[in-house]
1. Can you tell me the dipole magnitude for the chain around its Cα centre, using point charges on the Cβ only (Lys, Arg +1; Asp, Glu -1), in Debye to the nearest 20?
2. Starting from the Cα of residue 205, step 7 Å toward the Cβ, then list every residue of the range 131-149 with an amide N under 19 Å from that point.
3. Ratio of the chain's C-alpha Rg to 2.2 N^0.38 Å, to two decimals?
4. Exposure proxy check: 152, 45, 192, 94 ranked by fewest other beta carbons within 10 Å?
5. List the residues, sorted by chain then number, that are 5 or more residues from residue 103 or on another chain and whose placed amide H is less than 5 Å from its amide H.
6. Determine ³J(HN,Hα), in whole Hz, for all residues of the range 69-79 in sequence, where each value follows from phi through the Karplus function 6.51 cos²θ - 1.76 cosθ + 1.60 and θ = phi - 60°; x replaces Gly and Pro.
7. Suppose the chain between residue 87 and residue 224 were pulled fully straight at 0.36 nm per residue; how much longer would it get relative to their current alpha carbon spacing?
8. For the range 258-264, take each phi angle, set θ = phi - 60°, evaluate the Karplus expression 6.51 cos²θ - 1.76 cosθ + 1.60, and give the result in whole Hz per residue in order, putting x for glycine and proline.
Amino acid sequence: MTRLSAVVRGLATAVAALLAATAASAPARAKPEPTAPRDFVTLNSMDPTIIQEIRYFTPHNFVGERVDGYQQPLCILTRPAAEALHTAQRRLLSQGYSLKVYDCYRPQRAVDHFVRWAKDLDDQTMKTEFYPNVDKTRLFADGYIAEKSGHSRGSTVDLTLVKLPAKPTRPYRPGQPLIPCFAPEDQRFPDSSVDMGTGYDCFDTLSHTLDPRIRGEQRANRLLLKNTLEDLGFVNLAEEWWHYTFKPEAHPDTYFDFPVSHRSLAGRH
């Protein structure tokens, strides 16, 4: 080997080593977030009059903190579900009511957050309000928490009714005294909605839509919501008066994980 060849080879080896070291020290490129299919829209683009109180963007929920994947307080749904809610809203407005949504599309990472929380038996922060009579060890067995949610398919919504004009409500303050979700309306956390007999996300059999203990005005309010939505293709989950799925679902077998944000809709509104 000539002296020149040895120098060239040595130089090539040094360059290769430098390139390898640079590649090893370079930060890993962030994986882009998934985006929504083209048939997902914001509810606001279909009907801006529907009130939105996206609870999982706030700490006022059974977890007690903002839930993973909720980057903005936004209702996202498949277009057919959103259009059906728009029709329901027009009917209810003529009767002096408005819909109010608590949750719409829910990313899988949010469901995973629920599962981690349910397995952490030491975290009982919000028990007094949301599951006062349910032992946390029973949340999976009793069906309150599951590893998959229909919300992640994009056509399920949690919602209630508000009597117009809507009354203002004070914001939730973390650490404030909690009242059971099935307490009388004038005692539990104030909500602008009509009296449905329990608050939203109340882990109790009183939340069953047709529970016989719910009577009078409370039952009439549940039935007004139920009859209005079922007439337009929604199906109620019998265990939760607030939970409805538009049928047929656009994505019956797919559980999406794009974040709840305008960016997920790739420039759509």
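Every read-out reported here was derived from the displayed coordinates using simple, explicitly stated rules and does not represent laboratory data. Because the structure is a prediction, the values reported are computed rather than measured. Virtual Cβ from ideal backbone geometry, glycine too; neighbours counted across all protein chains shown.
1. Values: 33 positive and 32 negative charges, 208 e Å.
Dipole of the chain, to the nearest 20 debye: 1000 debye.
2. Under 19 Å, as judged by backbone N against the label point of residue 205, lie 131-145 of the range 131-149.
3. 1.33
4. 94, 45, 192, 152
5. Here the answer is 158, since their amide H atoms fall under 5 Å of that of residue 103.
6. x, 8, 7, 9, x, 9, 9, 10, 9, 5, 4
7. Values: separation 137, 0.36 × 137 = 49.32 nm, distance 1.46 nm.
Residue separation times 0.36 nm, minus the Cα-Cα distance, leaves 47.9 nm.
8. Residue by residue, the range 258-264 yields 6, x, 7, 6, 5, 4, 5 Hz.
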